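What follows is a short report on a single structure.
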Amino acid sequence: MPYKSATQRKPGVVVKTGPKKYAIIHNSISLYSMSDSVNKNAALTNRQLFFRHVAQTSPEPIGLEIARAEGIYQFDKTGKKYVDLISGFSVCNIGHSHPEVIEAVKRQSQAYMHLIVYGEFIESPQVQYAKLLVDHLPTSLNTVYFTNSGTEATEGAMKLAKRVTGRPHIICFNNSYHGSTQGALSLMGSEYWRNAFRPLLPGISHFDYNSADAIEAIDETTACVILETVQAENGIIKPSKEWIQALHKRCKEQKALLVLDEIQAGFARTGTLWAFEQFNIVPDILLLGKALGGGMPLGAFIACQQLMQTLAADPVLGHISTFAGHPVSCAAGKAAFEVLLENLTRYEIAQKETILKTHLQHSLIKEVRTAGMWAAIEFESFELNKKIIRMCLDRGIITDWFLFAPECMRVAPPLSITGAELISVCQEIIIAMNEVFAEKAT
C-alpha cells in the first residue's frame, strides 16, 4: 500500500507544512536501506554507519561528528572547535564534561549501576538528590518521582492529576512542547506534529498562551492545567504576571492542579533557580528534565507527598519504571546541581542577558526576546534564519531554530560562559548576518 500523508489519512484537516530543516550533510551521503548492495568487508565510516543503522529524526540532520566536549565547546573529529550556543538543548547548563560531574559518574559506576526497578531499594544517589532538590524548592514540593526523561515526567504528571482529582479533562496551550510520547504529544500545541499520530488522548483542550479563554475554561471537570512557565519552542514567550497569577487562582478555586513544565526553563536558565519564582506562584506539580541529569538522562515530576502517595495504592504500583532515577544519572545530576548552586552568583545571568540585548543588533533582526540566558533572535523568515544558522556553523557556532518559531534562532549557551566569551559569540553572529546580508544584496 503506498504511503499516505497525514492530510490524506485525515481528510478535511488543514495541516500547515512544518519547516524544512537546513541541510548540513553533503549530497554525496546516501541513506542506506537493508537491500543496498554494500561491500560488507569494506570499513564504513561513522557517518555511513550513522545513516545506515541509527534511526533518523529528520531527512537532514546537522551531521557533525563530535569527538569530545569541554566547557562551552564541542570539538569535531578534525579538531575544529565549536561554541555550543544551545547547551545540548538546555542540558549542559554548567558546561560540558565538568570534572566534578565526571568524578561523580566514575565513583557511582564503580559502586553500582542498576539494581532493581525504581522505588524498591533505598539507593543513596536517588535519596540524596531528591533531598537536595526539595531543599531548594517551596515546602509543598517535597516529593520527587524520578523518570528517565522530561516527556516521561509529563506522562507521570498527567496520570497523577487524573488519579488525584478523578477528573477527565486537561487544559494546555498552543505552541507548547512537553515531549513526544503519546500523552505528551496529545498536549503538544501544533497540529502539524500531532496529526500523523491520531487518534490521540481525548479530553484535552488547547488555548492560546496568555489568553483569558483558558482561565474561563477551567471548571469542575478539569484535572489539571499544564503549561511551560516560559514557552520554549514558541521562541521564548513569557506569560504576563497578571495572567499566570489569575490562572493559578482559578485552578485553586476549581480544585484543578497546576502543572508547570520547567524542563527547559529550570535550573537558572531564566535567571532565577526556578522560573515560577518570578511570578510569585507555586505549582502543584513541577516538571523537570534536561539539565536535571547534568548530561545524563533524567527527568522528574515533583509534588507534595499527599498527592504523590496516590500512585502507590489502588492500584499498587500505579506508576512504575525499570530505569527511572538511575543511580549514575542521579549522581551526575546532584553533582551538576551542586556546581550550579555554588556558582549561581558568579554566572551573572542578568548581566549576560543585557549583553545579548546590547550586542545582538542588526538590520536583519526583527526582535530579540530574552529570558535570562535564553534568547530567540527573530528574522523575517525561516529561509533567512537557516542561512544564518549555517553561516554560524561554518564559523564554529552551534545553534538551531525553534519548533514553533522556525524564523527564530535559538541562543541558550552554558550558564558558565564568560561575559567576554558571550560578546565574542555575539560578534561572530553579527559577522554571519553581514555575510548573509551581502549575499542577499547581490
*Along the positive direction of the dipole of the range 99-343 (beta-carbon charges: Lys, Arg +1; Asp, Glu -1; about the Cα centre), which of Ala291, Leu317, Leu187 reaches farthest?*
Leu317
*Given 11 as the ceiling on other Cβ atoms within 10 Å, longest exposed-site-free region of the chain for GluC sites (Glu not before Pro) in DSSP loops*: 221-379
*Take the cross-link list Lys77/Lys290; Lys159/Lys334; Lys80/Lys357; Lys131/Lys290; Lys255/Lys290 and give me the ones stretching past 22 Å between alpha-carbons.*
Lys77/Lys290; Lys159/Lys334; Lys80/Lys357; Lys255/Lys290
*Compute the acute angle (0 to 90°) between the alpha-carbon long axis of helix 327-343 and the principal axis of greatest extent of the alpha-carbon atoms of the chain; round to the nearest 10°.*
80 degrees
*Calculate the spin-label point distance for Gln305 paired with Glu348, positioning each point 7 Å from the Cα along the beta-carbon direction, and give it in nanometres.*
4.3 nm
*Tell me, in nm to one decimal, what length is gained between Leu341 and Tyr112 on full extension, where the rule is 0.36 nm per residue of separation less the Cα-Cα distance?*
79.8 nm
_Chain lengthening between Lys77 and Ser321 when straightened (0.36 nm per residue, less Cα-Cα)_ = 84.2 nm
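Suppose every K and R has +1 on its Cβ and every D and E has -1 on its Cβ; what is the size of the dipole of the range 375-438 about the Cα centre, in Debye to the nearest 20?
The dipole magnitude comes to about 120 debye.
Rank these for me by crowding, Phe279, Phe197, going from fewest to most other beta carbons within 10 Å.
Phe197, Phe279
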*Positive end of the charge dipole of the range 39-155 (Lys, Arg +1 and Asp, Glu -1 on Cβ, about the Cα centre): tell me which of Val54, Gly71, Ser97 has its Cα farthest that way.*
Val54
_Just to be sure I understand: with springs between alpha-carbon atoms less than 10 Å apart, which residue in Gln309, Gln231, Gln74 has the highest mean-square fluctuation in the Gaussian network model of the chain?_
Gln309
*Given 0.36 nm per residue, what is the gain on full extension from Ser424 to Thr181 after removing their alpha carbon distance, in nm?*
83.6 nm
*Given the options Ser321, Ser58, Ser109, which has the most mean-square fluctuation in a GNM of the chain, springs set between C-alpha atoms less than 10 angstrom apart?*
Ser58
_222 nm mean residue ellipticity, helices alone, for the chain (DSSP H n ≥ 4; -39,500 (n - 2.57); rounded to 500)_ = -10500 deg cm²/dmol
*Simple spin-label model, 7 Å along Cα-to-Cβ: Ala441 to Leu49 in nm?*
4.8 nm
*Treating the angle as unsigned and between 0 and 90°, give the value, to the nearest 10°, between the Cα long axis of helix 99-111 and the longest Cα principal axis of the chain.*
60 degrees
*Simple Cβ-charge dipole of the range 314-358, Lys/Arg +1 and Asp/Glu -1, about Cα centre, in debye nearest 20*: 180 debye
*Whole-number percent relative contact order across the chain, with pairs defined as alpha carbons under 8 Å at least 6 apart*: 21 percent
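With r defined as the distance between the Cβ atoms of Gln56 and Asn210 and R0 fixed at 41 Å, what FRET efficiency is calculated, to the nearest 0.05?
0.70
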*Given the options Ala275, Ala69, Ala212, state which has the largest fluctuation in a GNM of the chain using a 10 Å cut-off (strictly under) for Cα springs.*
Ala212
*Sorted from fewest to most neighbouring beta carbons within 10 Å, what does the list Thr151, Thr345, Thr221 look like?*
Thr345, Thr221, Thr151
*asked:* Explain nothing, just the number: relative contact order of the range 366-442, from Cα pairs under 8 Å at least 6 residues apart, as a whole percent.
replied: 30 percent
_10 °C / 1.306 mPa s Stokes-Einstein diffusion coefficient of the range 79-156, Kirkwood radius on C-alpha pairs, µm²/s_ = 103 µm²/s
_Tell me the angle of helix 124-135 to the major Cα principal axis of the chain, expressed in degrees between 0 and 90 and rounded to the nearest ten._
80 degrees
*Listed residues Thr165, Gln264, Ala214: farthest to the positive end of the dipole of the range 99-343 (Cβ charges)*: Thr165
*R0 of 25 Å, Cβ-Cβ distance Glu100-Ile122: FRET efficiency to nearest 0.05*: 0.55
_Principal axis dimensions, the range 99-343 - Cα atoms, whole angstrom, descending_ = 53, 41, 37
*Return a whole-number percent for the relative contact order of the range 99-343, with Cα pairs under 8 Å and 6 or more residues apart as the contact set.*
30 percent
*Would you tally the net charge around Gln182, using a Cβ to Cβ cut-off of less than 13 Å, leaving Gln182 out, and scoring K and R as +1, D and E as -1?*
+1
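Can you put Leu227, Leu141 in order of Cβ neighbours within 10 angstrom, beginning with the fewest?
Neighbour counts put them in this order, fewest first: Leu141, Leu227.
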*So how long is each side of the range 244-340 along the principal axes, counting just the alpha-carbon atoms, biggest first, in Å?*
41, 40, 16
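Values quoted throughout were computed directly from the atomic coordinates according to the rules given, and no laboratory measurement underlies them. Note that this is a predicted model, so its numbers are computed, not measured. Every residue, glycine as well, gets a Cβ built from its backbone with ideal geometry; the counts of neighbours run over all protein chains shown.
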